[in-house]
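Asks: One structure is given below, represented as structure tokens, and several questions about it will come after.
No lab work stands behind these numbers, since they all come straight from the coordinates. Since this is a predicted model, take the numbers as computed values, not measurements. Reconstructed Cβ throughout: ideal geometry from the backbone, glycine too, with neighbour counts over all protein chains shown.
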Amino acid sequence: MTFRLSIDEPRWQSGVRRAAQQLPGLVPVIKGNGYGFGRERLAQLSARLGVDTVAVGTESEIASVRRFFHGTIAVMAPLTLADLRSSTPAIGVLRTVAHADVVRRLAELDGPEVVLELDSPVHRHGVTLTELPELAEPLRRVRLAGVAMHLPSGGDRRRVLDSVHQALAALRAAGITVSTLWVSHLSASELASIQGVEVRPRVGTSLWLSDRQSFTVTGTVLDVRRMPPRQAVGYRQRRFSGGTLLVVSGGTAHGVGLYASAAHAGLRDALKGAVLGAVRGAGWAPSPFHWQGHRLNFADVAHMQVSMLAVPEHRAAPAVGDRLICDTRMTVSTFDAVELDPQRPEFTAAS
Ligand SMILES: *Cc1c(COP(=O)(O)O)cnc(C)c1O
């Protein structure tokens, strides 16, 4: 009963290396489910890439990365006042500060080394440029390792770059000297266009998932049963159209069925998938599973560890034990097993 990630490891690693070479000053991002690969595996590869710093999402992720990576670990989640009361600065850990009141409090403590996160067009966290003049004085008493901007991956790129230049100008005007700018979601040429400051790109997706052909996700067929037309099936007791009902490993606990298909989908498709896959559910929503090049439909809402799929009457069905390629979204996927460097004759990549 295995929902499996198969990695052609030499190929995956060389894809990561190739992406890394395009990104001077790279800070690999290792967070959440480790982009499907697991944080430990990404930490190991980061060590082999020879980078001096990696970034994690939250403090709770530090330990898993530290087992394999001995350089600096930057935590991207901003410090809160409560954090300053409860935790002591850890060695080799760089924290983020994104609120003026936390900056002022830090100035009164022997606090951790921090990166100051500035507001950006994403507007997730960050001190605004108008707050900078009043923060110049407390910042002189903070161990400052630069400023950070979490930038949009889409939108008008000229406006995105303008926001960076405006931020650098506002820092200069406020008398805040920074040598390093930590950024997200800029292309190699956009990164190269930023002058006068050391740029550290924080990159996850386009590093770890740069070569989609270097890994494959499959669910194992567990049951194959012929169904007469109009047979009621599944939790929802929807009418089956006839053909073959498959039960395949891979359900909501693995991240399947939350999105019908999101491997390359834009937000619109992902939302459509979410609505079809999770809300309307049963019926004939497309599943992320493929058999012989054809996408199979769900025959029911995804169950927790398996999915029920329909193979139409006119198509040959797989057998128990066959593997179906699943173009699941890596950042929400959990696998029962990870297989390295598999012989992958049957894995003609999903798309
Ligand atoms: C997740 C994250 C990144 C990496 O994003 P990708 O799209 O995976 O490259 C960079 N910066 C911040 C602040 C993040 O939260």
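Asks: At a 10 angstrom cut-off on C-beta neighbours, averaged per residue, how do the peptides 43-49, 232-238, 28-34, 118-124 rank from highest to lowest?
Replies: The most tightly packed comes first, giving 28-34, 43-49, 118-124, 232-238.
Asks: Ala63 to Glu108: extension gain in nm, 0.36 nm per residue of separation minus the Cα-Cα distance?
Replies: 13.4 nm
Asks: Need one number: nm distance between label points at Thr334 and Ala100, each 7 Å from Cα along Cα→Cβ, rounded to one decimal.
Replies: Roughly 4.2 nm, to one decimal.
Asks: Further question: For the stretch 7-208, with the dipole built from +1 on Lys and Arg beta-carbon atoms and -1 on Asp and Glu ones, taken about the Cα centre, which of Pro138, Val114, Val65 lies farthest toward the positive end?
Replies: Value: Val65.
Asks: With springs connecting C-alpha atoms under 10 Å apart, model the chain as a Gaussian network and identify which of Arg157, Arg85, Arg143 has the largest mean-square fluctuation.
Replies: Comparing Arg157, Arg85, Arg143 in the GNM, the peak value goes to Arg85.
Asks: How far, in nm, would the chain grow between Ala169 and Thr130 when pulled straight, counting 0.36 nm per residue and subtracting the alpha carbon separation?
Replies: 12.8 nm
Asks: Shifting gears a bit: At a Förster distance of 22 Å, what's the computed FRET efficiency of Ser14 paired with His70, Cβ-Cβ distance as r, to 0.05?
Replies: E(calc), rounded to 0.05, equals 0.40.
Asks: Eigenvalues of the Cα gyration tensor times 5, then square-rooted: what semi-axes does that give for the stretch 7-208, in whole angstrom, largest first?
Replies: 28, 21, 13
Asks: Run the quick spin-label model on Ser86 and Arg315: label points 7 Å from Cα toward the beta carbon, then report their separation in nm to one decimal.
Replies: Once both label points are built, they end up 4.9 nm from each other.
Asks: Over the stretch 110-262, calculate the relative contact order: mean separation of alpha carbon pairs under 8 Å at least 6 apart, over the residue count, as a percent.
Replies: Dividing the mean separation by the residue count of the stretch 110-262 yields 15 percent.
Asks: Quick one: Met149, Met1, Met227, fewest Cβ neighbours within 10 Å first, how do they rank?
Replies: Met1, Met227, Met149
Asks: Another question, then. Modelling each spin label as a point 7 Å along the Cα-to-Cβ direction, I'd like the Arg159/Asp322 distance in nm, to one decimal.
Replies: Computed distance between label sites Arg159 and Asp322 equals 4.9 nm.
Asks: Let's see if you can work this out: charge +1 on each Lys and Arg Cβ, -1 on each Asp and Glu Cβ, no other charges. What is the dipole magnitude of the stretch 7-208 about its Cα centre, in debye to the nearest 20?
Replies: 480
Asks: While we're looking at this one, here's another question. Show log10 I(q)/I(0) for the chain at q = 0.06, 0.07, 0.13, 0.15 Å⁻¹, two decimals, from a solvent-free Debye sum over equal Cα scatterers.
Replies: Each listed q corresponds, in turn, to -0.28, -0.38, -1.00, -1.17.
Asks: Then there is this: If each residue of separation counts as 0.36 nm, what is the full-extension length gain between Arg141 and Ser179 once their alpha-carbon separation is subtracted?
Replies: That pair, Arg141 and Ser179, stretches by 12.0 nm at full extension.
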